[in-house]
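I have placed the structure first, in the form of structure tokens, so that the comments after it can refer back to it.
The values are calculated or read from the model by the stated rules, or taken from the named source; none is laboratory data. Given the structure is predicted, the values throughout are model-derived calculations rather than measurements. Note: ideal-geometry Cβ built from the backbone for every residue, glycine included; neighbour counts use all protein chains shown.
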């Protein structure tokens, strides 16, 4: 969802979505087990955020990129970075999310949050990047606001896990 701020934009990302832009723009999201990758260019004051749900799917070459998967979400941002005439290594990178949203008694065997966090760290190694800030794992949701004009990210983390009988 895109709303107008006075002189700028307010973007809300859902899982699998991404945004790249400049100027007076704030990108918001709420995270659970998903991971958000935030990239910001401190000289050009441009940047973006992607929000992936799963690490990878082994994309067939004839299918378009899908932001629900970590490797493809980052590739979508990389396409924007290239179009801006910049390189990934020029950006500050921040990582958030990958929380367990259920109590230990109801945790599922596939442990998506841990896989998402491990994949985020794998992407850092693959692209030889270092995160300047991160808040990964744990329990409970996170709410983020990324201000593209300054590179600041504000985060609020909810406490506690949900039981199978509780509703969010």
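Below, the figures for the structure above:
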read-out: Positions within the stretch 67-81 being in contact with a helix residue (DSSP H, G or I) (Cβ under 9 Å, 6 or more places away or on another chain) and either surrounded by fewer than 17 Cβ atoms within 10 Å (Cβ to Cβ) or without any contact (Cβ under 8 Å) to a residue 40 or more places away in the chain (or both), in sequence order; value: 78
read-out: Odd one out for residue 3, checked against (1) at pLDDT 95 or above; (2) surrounded by fewer than 17 Cβ atoms within 10 Å (Cβ to Cβ); (3) in a strand (DSSP E or B); value: (1)
read-out: Number of the exception - residue 111 against (1) on the phi > 0 side of the Ramachandran plot; (2) modelled with pLDDT of 95 or more; (3) exposed (fewer than 14 other Cβ atoms within 10 Å of the Cβ); value: (2)
read-out: Members of the stretch 46-66 that are over 18 Å from the mean Cα position of the chain (by Cα) and in contact (Cβ under 8 Å) with a residue 60 or more places away in the chain; value: none
read-out: Any chance residue 23 is more than 17 Å from residue 158 (Cβ to Cβ) and either modelled with pLDDT of 95 or more or in contact with a helix residue (DSSP H, G or I) (Cβ under 7 Å, 6 or more places away or on another chain) (or both); value: no
read-out: Residue 128 vs. criteria in a loop (DSSP other than H, G, I, E, B) and at pLDDT 90 or above; value: yes
read-out: Criterion: in contact with a strand residue (DSSP E or B) (Cβ under 8 Å, 6 or more places away or on another chain) and modelled with pLDDT under 95 - qualifying residue of 139, 117; value: 139
